[in-house]
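*Asks:* Encoded as structure tokens, here's the structure I'll be asking about.
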């Protein structure tokens, strides 16, 4: 079930419920703030409670303005993520930071494991092997690419795939419009405004 415009989707390990949009939410550190309306989590993601520790190797997602930021929980309250554009739209390398800094006063979601999920120890090893890397590319090497590679062994970004799909649809629509306009009759008299008789 997908929420309507005035509903919130609440997902937890025990299930999903869709209810009225609440005016108040809670940040990861359990401080009340207006509900995060930036980027919707994927269906199936569950909201991490303020005092709850994610599973080792968990795929973490935190909404930002227009996108979702991704990271890998490596234990001890730390997350490995691509710092590029995570804060203030400045580029940065893969780094290990605290869970609180990663959430950056936004809600924190856990993406459920897929069947392709690697063992937790391997996920943490992969994440830490990329520390210091500074080759961020929005379409080919972003924070979600890093996290998916660490957790599932696949170098992919669902956000980028959705964006590219939308751009292809827009391109096809524009091409059809151009074809339609270019096939219209040219020259001659416009009969819509001709006088009768």
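The values are calculated or read from the model by the stated rules, or taken from the named source; none is laboratory data. No experiment lies behind these values; they were computed from the predicted model shown. All Cβ positions, glycine included, derive from the backbone under ideal geometry; neighbour counts span all protein chains shown.
*Asks:* Exactly one condition in (1) more than 15 Å from the chain's Cα centre (by Cα); (2) modelled with pLDDT under 95; (3) surrounded by fewer than 19 Cβ atoms within 10 Å (Cβ to Cβ) is not met by residue 138; state its number.
*Replies:* (1)
*Asks:* Something else about it: Has the stretch 157-173 got at least one residue that is in contact with a helix residue (DSSP H, G or I) (Cβ under 9 Å, 6 or more places away or on another chain) and assigned to a loop (DSSP other than H, G, I, E, B)?
*Replies:* yes
*Asks:* For the stretch 62-87, what are the residues that are closer than 19 Å to residue 44 by Cα and modelled with pLDDT of 95 or more?
*Replies:* Listed by number, the residues that qualify are 71, 72, 73.
*Asks:* With the checklist (1) exposed (fewer than 12 other Cβ atoms within 10 Å of the Cβ); (2) touching a strand residue (DSSP E or B) at 6+ places or on another chain (Cβ under 6 Å) in hand, flag the one item residue 178 doesn't pass.
*Replies:* The number of the failed condition is (2).
*Asks:* Here's a follow-up. Return yes or no: is residue 151 surrounded by 13 or more Cβ atoms within 10 Å (Cβ to Cβ) and touching a strand residue (DSSP E or B) at 6+ places or on another chain (Cβ under 9 Å)?
*Replies:* yes
*Asks:* Given 128, 192, which one is part of a helix (DSSP H, G or I), more than 16 Å from the chain's Cα centre (by Cα) and either at positive phi or modelled with pLDDT of 85 or more (or both)?
*Replies:* Just a single option satisfies the conditions, and that option is 128.
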